[in-house]
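Undergrad: One structure coming up, written as structure tokens, with questions to follow.
The values are calculated or read from the model by the stated rules, or taken from the named source; none is laboratory data. Note that the structure is a prediction, hence the values are computed from the model and not measured. Cβ placement follows ideal geometry from the backbone for every residue including glycine, while neighbour counts extend to all protein chains displayed.
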Amino acid sequence: MKTDKINKTRAEQRIPRYKLVIFDWDGTLMDSADKIVNCMQFAAKQCDMPIPTYEEVGHIIGISLKPAIMQLFAISDEALAERLVQAYKDAFVAQDTNPCPLFEGVVHMLERLKAAGCTLAVATGKARRGLDRAWAQTETGVFFSGSRTADDATSKPSPDMLLQLLDELGFSSDEAVMIGDTTYDMQMAKAIGMDRIGVSYGVHAQVHLEALAPVALVHSVKELEHALLG
């Protein structure tokens, strides 16, 4: 009963559970999985490599691009990996020009979090150029006080991105939460004792997210907003 009263008060006053909310981008805020898979399959064709399945590509979404490609195609050849990276980038920018949409309710959630006093940040496997392009297309960059990309830090599941953001923005790990759709997001937060929320509408299976003990597992942006603000 006492907990119910506390939760009700928090909801009425819009007191956020966390001071710093860190989001993954692809598969968490932006519905980009189909485009990523299409572009990776295109890159494979261009480089005469076996065409990966949707599930195979989905498993490496979230890792920085070059390590992801080397894992996906099981290669150690740096030159071949660079060819695949360039083919993927060319496809993402030129071959598939349709911008990816945000998941329904994302802008409303970001607005509510900012109004409640949360500091927002992004930790993504995208390149800096890719994140900047996504922010420009969606006009959402204004919501975020910090970000780390594949160009700025060691690839997930290393917690390097999170540690850098905590240091830059002046928060401790117990004041923050990491939100993502992959096990890599959960692993990076778990490594430094940070709370984590998994979203099941992305690319990794719910059972794998649950295995990494998130404080919540949500199935929509609306549920995510409720988990953060009530």
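Undergrad: In the stretch 66-109, what residues are of a type in the set (A, V, I, L, M), under 18 Å from the mean Cα position of the chain (by Cα) and closer than 25 Å to PHE143 by Cα?
TA: Within the stretch 66-109, LEU102, VAL106, VAL107, MET109 meet the criteria.
Undergrad: Can you tell me which residue is surrounded by the fewest Cβ atoms within 10 Å (Cβ to Cβ) among those in the stretch 104-133 that are among the hydrophobic types (A, V, I, L, M, F, W, C) and assigned to a helix (DSSP H, G or I)?
TA: Only one residue tops the list, namely ALA115.
Undergrad: Taking ALA176 as meeting all but one of (1) surrounded by 22 or more Cβ atoms within 10 Å (Cβ to Cβ); (2) under 24 Å from SER32 (Cα atoms); (3) out of contact with any Pro (no Cβ under 8 Å at 6 or more places or on another chain), write down the number of the exception.
TA: (2)
Undergrad: I need the full set of residues from the stretch 56-77 which are more than 21 Å from GLY198 (Cα to Cα) and either touching a Pro at 6+ places or on another chain (Cβ under 9 Å) or not acidic (Asp, Glu) (or both), in order please.
TA: LEU65, LYS66, PRO67, ILE69, MET70, GLN71, LEU72, PHE73, ALA74, ILE75, SER76
Undergrad: Look at the stretch 29-73 and say how many of its residues are closer than 30 Å to GLU225 by Cβ, part of a loop (DSSP other than H, G, I, E, B) and either among the hydrophobic types (A, V, I, L, M, F, W, C) or without any contact (Cβ under 8 Å) to a residue 60 or more places away in the chain (or both).
TA: Residues meeting the conditions: 1.
Undergrad: Counting residues that are in contact with an Asp or Glu (Cβ under 6 Å, 6 or more places away or on another chain) and touching a residue at least 24 places away in the same chain (Cβ under 8 Å), which helices (runs of 4 or more DSSP H) fully inside the stretch 134-230 reach at least 1?
TA: Once the helices (runs of 4 or more DSSP H) in the stretch 134-230 are filtered for at least 1 residues that are in contact with an Asp or Glu (Cβ under 6 Å, 6 or more places away or on another chain) and touching a residue at least 24 places away in the same chain (Cβ under 8 Å), what remains is 183-190.
Undergrad: Let me ask something else. Can you give me the number of residues within the stretch 202-216 that are surrounded by fewer than 18 Cβ atoms within 10 Å (Cβ to Cβ) and out of contact with any helix residue (DSSP H, G or I) (no Cβ under 6 Å at 6 or more places or on another chain)?
TA: Selection size over the stretch 202-216: 7.
Undergrad: Let me ask something else about it. Is there a residue being over 22 Å from GLU82 (Cα atoms), modelled with pLDDT of 90 or more, β-branched (Val, Ile, Thr) and in contact with a helix residue (DSSP H, G or I) (Cβ under 7 Å, 6 or more places away or on another chain) anywhere in the stretch 20-35?
TA: Yes: the stretch 20-35 contains one or more residues that are over 22 Å from GLU82 (Cα atoms), modelled with pLDDT of 90 or more, β-branched (Val, Ile, Thr) and in contact with a helix residue (DSSP H, G or I) (Cβ under 7 Å, 6 or more places away or on another chain).
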